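Here the structure is laid out as C-alpha cells; the discussion comes afterwards.
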Amino acid sequence: MHKFLQLGAGGVQMATRFVTTHECDAARGFKQAYIQSRPEDIVIIKSPVGMPGRAIRNEFIDALNAGKKVPFTCAYHCILTCDYATSPYCIALALINAQRGRIGHGFAFAGSNAHRATELVSVKELIGSLLEEYRVATA
C-alpha cells in the first residue's frame, strides 16, 4: 500500500484481503480456497464472455483446461458477449457455486496475492494489521 501511494496512486484496491474475514459473506469453502492456495495456484483464465480473469486453480479449472465441457443450459442470459452455445461453462453458475462454497462446481476469482491469506480474521483485526504494516513501512 505504501509503495503505490508513494508512486502517486490516490488509493489502492484491496478486495482480496477482505475475503478471508469473518464478516465476508462468502461460504467457508470459498474462503478456504484462498487460505489453501499457493502462489502457483493463481492463474489467468478466459471467461465465456471473452475477458481474462485471475482465479485460484482447482479441479474445475483443470477440467476446462483439459478441454472438458461442463454441460449447462443458459438460464441467465446475463452478459451479451457470452456465447453460451459454444462456451464450455456458464460463468454465472460457476461464480454462484463458488460463492456458496461449491468450489468443485466453480472457481474463486482472486487477486494475485490471494495465496498470502493464511487465516480467517475479523475486519477489525485486518484493519489493525494494515495500519501496522503501513506504520512500519513509513518508519
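As a length-normalised measure over Cα pairs under 8 Å and 6 or more apart, the relative contact order of the chain settles at 35 percent. If the segment from K46 to H2 were pulled out straight at 0.36 nm per residue, it would be longer than the present Cα-Cα gap by 12.7 nm. Calculated FRET efficiency, Y134 to R100, Cβ-Cβ distance, R0 = 35 Å: about 0.55 to the nearest 0.05.
Find out how many positive minus negative residues lie around V12, taking Lys and Arg as positive, Asp and Glu as negative, among other residues whose Cβ is under 15 Å from that of V12. Can you show the working numbers first?
Values: positive: K3, R17, R116; negative: E133.
Local charge sum for V12: +2.
Summing Lys and Arg as +1 and Asp and Glu as -1 over all other residues whose Cβ lies under 11 Å from the Cβ of S87 gives a net charge of +1. Taking the empirical scaling 2.2 N^0.38 Å for compact globular proteins as reference, the range 1-138 has a Cα radius of gyration ratio of 1.19.
Dipole orientation for the range 14-138: of the candidates I56, C82, T21, C82 has the Cα lying most toward the positive pole (charges on Cβ; Lys, Arg +1; Asp, Glu -1). Amide H contacts of I42 (H built 1.01 Å from N, in plane; Pro and chain starts excluded): R57 sit under 5 Å, all sequence-distant by 5 or more or on other chains.
What 222 nm value per residue comes from the helices of the chain, counting each DSSP H run with n ≥ 4 as -39,500 (n - 2.57) and dividing by all residues, nearest 500 deg cm²/dmol?
On the way: 6 runs with 51 residues, N = 139.
About -10000 deg cm²/dmol.
Annotated for the range 14-138: lysine pairs at least 8 residues apart or interchain, Cα distance under 25 Å, count 4. For the range 27-82, the relative contact order works out to 28 percent when only alpha carbon pairs closer than 8 Å and six or more residues apart are counted. Applying 1/(1 + (r/R0)^6) with R0 = 25 Å to the Cβ-Cβ distance of A66 and R28 gives a FRET efficiency near 0.35. With a simple spin-label model that places each label point 7 Å from the Cα along the Cα-to-Cβ direction, the separation between I127 and D83 comes to 4.7 nm.
Laboratory data are not the source of any read-out in this text; all were calculated from the coordinates shown. Note that the coordinates shown come from a computational prediction; the quantities given were computed from them, not determined experimentally. Cβ: placed from backbone, ideal geometry, glycine included. Neighbour counts: every protein chain shown.
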